[in-house]
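For reference, the structure is listed below as structure tokens.
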Amino acid sequence: MAIQDIFQAVIGLDAGKVVSEVNGELEAGTNANTILQEGLIKAMDEVGERFSAGETFVPEMLMSAQAMKTGVEVLKPHLTGEADTKIGTIVIGSVHGDLHDIGKNLVCIMLEGAGFNVVDLGVDITKEAFVEAAKEHNADIIGLSTLLTTTMCNVEETIEAVKEAGIRDSVKILVGGAPLSQEYAESIGADAFAADAGDAGKVARQLVL
Ligand code: B1M
């Protein structure tokens, strides 16, 4: 049993083996974040590289993603403690056109641990739906995630829609996802950028405290 076996199980599309290997590593005392980074996330990076190289295709990528998700479910209670008091509400989703949700789901876990009431809208969320949800839940923060260069523009469009709805002064906007950067976030008028899920928890706290 080793973290390498978790990596192989994700690549091998074997969700059952992912669960047993992750449980085995936890029982052996391996830190949950190490399992996440070195086993699960590294495997998804490898899947992405194989996809770029034309060695694997969308159905396999989807099955690896399902295998990864089962592993994250096992890890979830170990990744972060649940905060006692809530410090704010964040509505979060993957922007319109983007179906990727693994990273966004990890961000949700860390935000909950950081003390937020998290309203997860899911994937492919239109700018109108973000605005409506922010109003409905009286959100302190709107979280926008995207993994695709082709949908980065929808992050900016959502920020514009928040301005047009007249609520920009009452809500902070946190953005993240692989193609984004601090510079890009500043250029489109977001309040903050987070590079990963752990960072998202810290940055979101700074936005409201
Ligand atoms: Co897609 N995909 N995919 N895919 N996919 C990528 C992103 C890609 C880089 C693969 C590649 O070519 N190497 C590429 C994008 C290229 C580009 O835009 N430049 C790509 C492509 C092209 C596509 C399709 C277009 C393929 C096709 O159909 N021809 C298609 C698009 C579908 C759509 O969205 N409309 C597609 C589809 C899919 C699947 C559905 C099969 C599946 C997603 C399943 C799911 O999410 N439920 C999938 C997968 C699995 C991937 C890769 C392999 C893995 C993504 C992942 O989960 N990473 C990915 C390659 C890669 O990332 N290496 C790839 C692990 C995750 C923990 O990391 O998501 O980066 P990440 O999240 C991090 C940070 O980014 C950050 O924190 C997270 C946790 O630390 N973060 C935030 C994310 N959101 C945040 C929000 C925040 C703060 C931080 O605040 C609000």
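The values are calculated or read from the model by the stated rules, or taken from the named source; none is laboratory data. Since the model is a prediction, treat every value here as computed from it, not as a measurement. So basically every Cβ, Gly included, is an ideal-geometry build from the backbone, and we count neighbours across all protein chains shown. Each accessible area value is taken on the protein alone, full model and side chains, heavy atoms only, with ligands, DNA and RNA left out. Shrake-Rupley method; radii C 1.70, N 1.55, O 1.52, S 1.80 Å.
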Report ³J(HN,Hα) in whole Hz for each residue of segment 13-25, in order, from the Karplus equation J = 6.51 cos²θ - 1.76 cosθ + 1.60 where θ = phi - 60°; Gly and Pro get x.
6, 10, 4, x, 5, 4, 4, 5, 5, 5, 4, x, 5
In Å², rounded to a whole number, the accessible area per residue of segment 37-162 with probe 1.4 Å is 48
With a cut-off of at most 11 other beta carbons within 10 Å, and DSSP calling the residue loop, which GluC sites (Glu not before Pro) in segment 21-87 qualify? Please list them.
Glu55, Glu82
Below 14 angstrom from the Cβ of Val208, what's the summed charge of the other residues (Lys, Arg +1; Asp, Glu -1)?
+2
Roughly speaking, what is the stretch gain from Ser52 to Leu99, that is 0.36 nm per residue apart minus the C-alpha to C-alpha distance, in nm to one decimal?
15.1 nm
Would you mind calculating the relative contact order of segment 56-162 from Cα pairs under 8 angstrom and at least 6 residues apart, reporting the percent as a whole number?
31
Karplus-derived 3J(HN,Hα), 6.51/-1.76/1.60, for each residue of segment 150-157, Hz, glycine and proline x:
6, 10, 4, 4, 6, 5, 4, 4
Cross-link candidates for Lys135: which aspartates and glutamates have Cα within less than 14 Å, leaving aside residues fewer than 8 places away along the same chain?
Glu164, Asp169
What ³J(HN,Hα) values, in whole Hz, does the Karplus curve 6.51 cos²θ - 1.76 cosθ + 1.60 give for segment 5-11 when θ = phi - 60°, with x put for Gly and Pro?
5, 5, 3, 5, 5, 5, 4
How many angstrom separate the Cα center of segment 59-132 from the Cα center of segment 9-26?
21
The set of residues whose placed amide H lies less than 5 Å from the amide H of Gly88, leaving out same-chain residues fewer than 5 positions away, is Asn117
Taking all protein chains as present, what is the carbon and sulfur share of the accessible area of segment 77-209, in % to the nearest whole number, probe 1.4 Å?
49
Only Cα pairs under 8 Å and at least 6 apart count here; give the relative contact order of the chain as a rounded whole percent.
17
Can you list residues from other chains, or at least 5 along the same chain, whose modelled amide H is less than 5 Å from the amide H of Val123?
Ser94
The chain - mean residue ellipticity at 222 nm from DSSP helices (-39,500 (n - 2.57) per run, n ≥ 4, rounded to 500):
-16000 deg cm²/dmol
Prolate/oblate/rounded label for segment 1-121 (Cα gyration tensor, a/c 1.5):
oblate
Simple SL model, points at 7 angstrom along Cα→Cβ for Leu62 and Asn33; separation in nm is 3.4
